[in-house]
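Chemist: One structure is given below, represented as structure tokens, and several questions about it will come after.
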Amino acid sequence: MPAPARRDYYEILQIERHASDVDVKAAYRRLALRYHPDRNPGDARAEEAFKEISEAYAVLSDADRRARFDRFGQAAPDLPFGPGADLSAATDFFEAIFGDLFGLDRKKKAGQDLRYTLELSFEEAALGCTKTIRFEAPEDCPSCAGSGAEGGAANLVRCGACEGQGVVRQKGVLFSTKRPCTTCGGEGEVPRTKCRACLGAGLIERPRAFEVRVPPGTSDGSAQRLPGQGAPGRRGGASGDLNVLVRIKPHPFLREEDGVVICDVPVSLADAALGAEIDVPVLDGAVRMKVPPATQSGAVFRLRGRGIARGGGPAGDLHVRLQVETPVSLTDEQREALETLRRTSSPAHEPRRQAFTEAFRQREAGR
């Protein structure tokens with residue numbers, strides 16, 4: 001049975017036949033990153049595509065092989081397909097470009113970023129504050145200077161699993177890949193005897209404390225980055241960063257809507273009808289506010305400059321929305337007073353209700 005036809009190498013790399021060496025490398029870089037098995041675990045089609053891409057690059061990146069392929073096509077001698085084919089050019093180029101991305105670079109490595117969630121009250125976030133945060137964070141073990149070996153780095157020995165390379169090669173049918181060595185964690189060295197203080201990890205957890213300045217008008221979900229305050233780097237790499245994420249706890253009375261602080265305040269029927277002075281919560285305490293006579297439920301009063309200041313600008317407003325509360329559990333005396341009010345009320349006392357009643361009657365009459 002004849003072997004299945006093989007695709008054209010230029011078609012595989014999606015380039016023209018007159019493409020330059022730079023174009024060939026750029027195409028391989030783009031496609032290899034997309035279809036690499038490490039980025040597509042368990043995807044047989046991606047693995048097959050990566051094999052084709054590596055094979056195509058092994059031919060088109062070599063001037064002699066490319067010339068033979070251009071002349072004879074797949075029938076050209078010494079082309080790298082089939083089991084045991086030499087795809088070292090593709091493998092070496094891939095590792096040179098993507099080694100650090102896939103954990104194969106043994107140069108200096110930055111430490112991991114850390115994350116801390118800072119809970120603030122509504123007032124703290126609105127007005128700004130300074131908070132001290134405390135947490136446990138990894139640091140280089142002082143007993144072994146971060147090496148993980150009892151007695152320090154002088155007692156590190158070459159890893160036998162990867163022969164000191166920090167990576168192990170896994171051979172496939174058409175190509176081989178390198179992965180970080182799990183024995184040494186990609187370091188290439190292991191402790192002769194593990195440090196007793198950190199059990200060979202090279203890191204210990206230590207309590208840390210930082211002062212964080214929270215600017216006025218900080219929003220829920222905002223974050224601050226503290227450079228260099230994360231986990232320590234490896235092999236002399238820079239430390240990671242500390243990211244402080246802000247979460248704002250709900251306020252029992254205040255909330256923010258579209259940049260305005262809102263406060264819903266219940267008032268009695270008598271206070272709304274006759275007028276009164278009431279206490280209203282604000283960001284920095286409470287203020288007295290006058291309720292004029294004949295105030296309707298839902299009326300909004302603006303307190304200038306009692307809201308949130310952002311970006312160094314002036315403070316915004318706080319809106320007080322009054323909710324007239326219908327009395328419950330009435331005494332006989334209160335019930336009698338309300339009955340008197342109902343008997344003596346006229347349209348002039350309740351213009352909105354009267355307008356609604358009249359409009360409704362007219363609508364019904366017109367049916």
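Chemist: Go through segment 222-231 residue by residue and turn each phi into a ³J(HN,Hα) via Karplus (6.51, -1.76, 1.60, θ = phi - 60°); whole Hz please, and just put x for glycine and proline.
Modeler: Result, ordered by residue: 6, 9, 10, 10, 9, x, x, 9, x, 5 Hz.
Chemist: What are the residues whose amide H is under 5 Å from the amide H of Cys159, where those residues sit 5 or more places off or on another chain and H is modelled from the backbone?
Modeler: Amide H to amide H, under 5 Å and 5 or more residues apart or across chains, Cys159 pairs with Gly164, Glu189, Val190.
Chemist: Further question on the same structure: List the pair-distance distribution P(r) of the chain, using every Cα-Cα distance, as the percent of pairs falling in each 10 Å bin from 0 up to the bin containing the longest distance, rounded to whole percents.
Modeler: Once binned at 10 Å, the Cα pair distances of the chain give 4, 14, 14, 13, 13, 12, 9, 9, 8, 4, 1, 0.
Chemist: Could you list which residues have their amide H under 5 Å from that of Asp43, counting only those 5 or more apart in sequence or on another chain, with H placed in the peptide plane?
Modeler: Under 5 Å from the amide H of Asp43: no residue qualifies.
Chemist: Roughly what % antiparallel, to the nearest 5, for the DSSP beta bridges in the chain?
Modeler: Values: 41 of 56 bridges.
Antiparallel: roughly 75 percent of the beta bridges in the chain.
Chemist: Another one. Can you compute the label reach from Leu269? Point 7 Å from Cα along the Cβ direction, backbone N cut-off under 14 Å, restricted to segment 290-311.
Modeler: Output list for this probe position: 297.
Chemist: Run the simple label-point estimate for Glu339 and Arg321 please: 7 Å along Cα→C-beta, distance reported in nm.
Modeler: With each label placed 7 Å out from Cα toward Cβ, I get 3.7 nm.
Chemist: So which cysteines in the chain don't have a second cysteine's C-beta under 4.7 Å from them?
Modeler: Cys129, Cys263
Chemist: For Val157 and Asp113, what does the FRET efficiency come to when R0 = 45 Å and r is the distance between their Cβ atoms, rounded to the nearest 0.05? Mind dumping the intermediate values first?
Modeler: Details: r = 31 Å, r/R0 = 0.70.
Working from the Cβ atoms, E equals 0.90.
Chemist: Would you grab the residues whose amide H sits under 5 Å from the one on Glu256? Only those 5+ places off in sequence or on another chain, please, with H modelled 1.01 Å from N.
Modeler: Ile262
Chemist: If R₀ is 30 angstrom, what is the calculated FRET efficiency for the pair Val300 and Ser222, using the beta carbon separation as r and rounding to 0.05? Could you put the intermediate results ahead of the total?
Modeler: On the way: r = 28 Å, r/R0 = 0.94.
The formula returns an efficiency of 0.60 here.
Chemist: For the Cα atoms of the chain, what angle does the longest principal axis make with the long axis of helix 21-35, in degrees from 0 to 90, nearest 10?
Modeler: That works out to roughly 60 degrees.
Chemist: At each listed q (0.15, 0.28, 0.29 Å⁻¹), what is the log10 of I(q)/I(0) that the Debye formula gives for segment 247-311 modelled as equal alpha-carbon point scatterers?
Modeler: -0.53, -1.38, -1.43
Chemist: With labels modelled as points extended 7 Å from the Cα through the Cβ direction, what inter-label distance (nm, one decimal) is found for Asp332 paired with Val22?
Modeler: Using points 7 Å along Cα→Cβ, the separation is 10.2 nm.
Chemist: When the Karplus curve 6.51 cos²θ - 1.76 cosθ + 1.60 is applied with θ = phi - 60°, which whole-Hz ³J(HN,Hα) does each residue of segment 254-264 get, with x for Gly and Pro?
Modeler: Once rounded to whole Hz, the list reads 9, 8, 10, 9, 6, x, 10, 7, 10, 9, 8.
Chemist: If you plug each phi of segment 51-64 into the Karplus form 6.51 cos²θ - 1.76 cosθ + 1.60 with θ = phi - 60°, what whole-Hz ³J(HN,Hα) values come out, in order, with x for Gly and Pro?
Modeler: Result, ordered by residue: 4, 4, 4, 5, 5, 5, 5, 4, 7, 6, 8, 9, 4, 5 Hz.
Chemist: Moving to a separate point now. Quick one: work out the % antiparallel among DSSP beta bridges in segment 265-326, nearest 5.
Modeler: On the way: 11 of 15 bridges.
Bridges in segment 265-326 are about 75 percent antiparallel.
Chemist: Helix-derived [θ] at 222 nm for the chain: sum -39500 (n - 2.57) over DSSP H runs of at least 4, divide by residue count, nearest 500? The partial results should precede the final answer.
Modeler: On the way: 9 runs with 98 residues, N = 367.
For the chain, the value works out to -8000 deg cm²/dmol.
Chemist: Return the Rg/Rh ratio of segment 261-351 with Cα-based radii and a Kirkwood Rh.
Modeler: Numbers: Rg = 16.9 Å, Rh = 15.1 Å.
Here Rg/Rh amounts to 1.12.
Chemist: In addition: Over the chain, what relative contact order in percent results from Cα pairs under 8 Å that are six or more residues apart? If you can, show how the numbers build up before the last one.
Modeler: On the way: 634 pairs, mean separation 51.1, N = 367.
Normalised by residue count, the contact order of the chain is 14 percent.
Bear in mind that the values in this text are calculations on the coordinates, not laboratory data. What you see is a predicted model; the values in this text were computed from it and never measured. Note that we place each Cβ from the backbone using ideal geometry, even for glycine, and neighbour counts take in every protein chain shown.
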